[in-house]
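Here's the structure we're looking at; comments come further down.
The values are calculated or read from the model by the stated rules, or taken from the named source; none is laboratory data. These numbers come from a predicted model, not from an experiment. As a convention, Cβ positions derive from the backbone with ideal geometry for all residues, glycine included, and neighbour counts pool all protein chains shown. All accessible areas refer to the heavy atoms of the entire protein, side chains included, with ligands and DNA or RNA removed. Shrake-Rupley method; radii C 1.70, N 1.55, O 1.52, S 1.80 Å.
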Amino acid sequence: MNKHLFLLLCLLSCSAMSLPQVILDTDIGDDIDDTWALMHLLGAGKVDLKLIVTACDDTEAKVKLVARMLEIVGRTDIPIGKGVKTSNKEINQLSWIEKYSLDAYKGKIHEDGVQTMIEMIRNAKEPIILCVIGPMMNIAKAVEIAPDIAQKARVVSMAGSVYIGYGGKEGRDCEYNVCRDAESARKVFSAPWEITIIPLDTCGTIILKGDKYRKIAESQSPFAKVVIDNYNIWTNRKHYPKDESSVLYDTLAGYCTWSEDVVEIKTLNLSIDKDGKTYPDENGRPVRCALTWKDREQFENSLIEALINPVKP
Ligand SMILES: [Ca+2]
């Protein structure tokens, strides 16, 4: 074989094999969309998930929640890190782990999730994508302790509201992940890494209904079952129709770690005001913002497919 052709084939096969390396920072156990996002990330098979760190409130209970999920879908190879605990507030999926014990858990659990995140980024051979789908206290602490990580990681986060608020309404809202801890969000914004946000402008209207929801609800795949079982015992389930999901904000941030083909990205200079609103400001920092949809259908199909026909790792 021609030497150049051989090299080209090697390069092509290598690039096909190396998936984006992702650390997921999640406040799972609060809103239910993190559970969907985690199962989507795992089921789609498009990223190499290196670590899951729990964020906000009772991060210890959240570790247990993640552990049980990983056990069910056969992914205890992914380490879990406990993030900064900010309260003992009961998680909203507590009944799913009440009888579950970590005693027989086979995977690795790191007590200091922030330190583990720092070491993993420092030791990584290629840049890491930090997928942040909760309030940003862990990431703020990490970059404060180890500013050098900003050179080796980029952030993809469900965060903010630029022109559109909750439920698709015109006008900026105080988006939970930023407003819950605006000081941490400001620290993350002031580090020199690339930041991509998935604001309410796009992710605030992701709801699966009708056939799309039914496909998942009736699926026997463990990924779909984890999602639906947790959704059904979630303390806020009663506020949503029987045959619909709640708003699945975080799932789009997960998707954007491997592809941005379903959204239009625009770079804006953004600042965070005293309340935690993200607003365009000429003195702000450049942020890549997923402001509008290009192909919502393709995105929803990816989510459904990942849950009902998950890819084997
Ligand atoms: Ca979340």
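Structure notes:
- Selected residue [touching a strand residue (DSSP E or B) at 6+ places or on another chain (Cβ under 9 Å), within 16 Å of the ligand (Cβ to nearest atom) and at pLDDT 95 or above] from 250, 243, 273: 250
- Qualifying position, being aliphatic (A, V, I, L, M) and not in a loop (DSSP other than H, G, I, E, B), among 91, 118: 118
- Tally of residues being surrounded by fewer than 20 Cβ atoms within 10 Å (Cβ to Cβ) and among the aromatic types (Phe, Trp, Tyr) across segment 82-104: 1
- Looking at segment 203-313, the helices (runs of 4 or more DSSP H) lying wholly inside it that each contain 2 or more residues that are open to solvent by 20 Å² or more (accessible area, probe 1.4 Å) sit at 210-217, 222-233, 296-308.
- Test: residue in segment 49-60 that is under 16 Å from the mean Cα position of the chain (by Cα) and either surrounded by fewer than 22 Cβ atoms within 10 Å (Cβ to Cβ) or modelled with pLDDT under 95 (or both): yes
To keep it simple, each residue is scored yes or no on (1) within 16 Å of the ligand (Cβ to nearest atom); (2) surrounded by fewer than 23 Cβ atoms within 10 Å (Cβ to Cβ); (3) acidic (Asp, Glu).
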{"residue": "106", "(1), (2), (3)": "no, yes, no"}
{"residue": "109", "(1), (2), (3)": "no, yes, no"}
{"residue": "119", "(1), (2), (3)": "no, yes, yes"}
{"residue": "122", "(1), (2), (3)": "no, yes, no"}
{"residue": "126", "(1), (2), (3)": "no, yes, yes"}
{"residue": "131", "(1), (2), (3)": "yes, no, no"}
{"residue": "134", "(1), (2), (3)": "yes, no, no"}
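- Residue selected from segment 1-28 under the condition modelled with pLDDT of 95 or more and among the polar types (S, T, N, Q), by the criterion surrounded by the most Cβ atoms within 10 Å (Cβ to Cβ): 26
- Applying the criterion of being open to solvent by less than 10 Å² (accessible area, probe 1.4 Å) and either free of Cβ contacts under 8 Å to residues at least 12 places away in the same chain or within 13 Å of the ligand (Cβ to nearest atom) (or both) to the residues of segment 29-39, the residue that is farthest from residue 304 (Cα to Cα) is 29.
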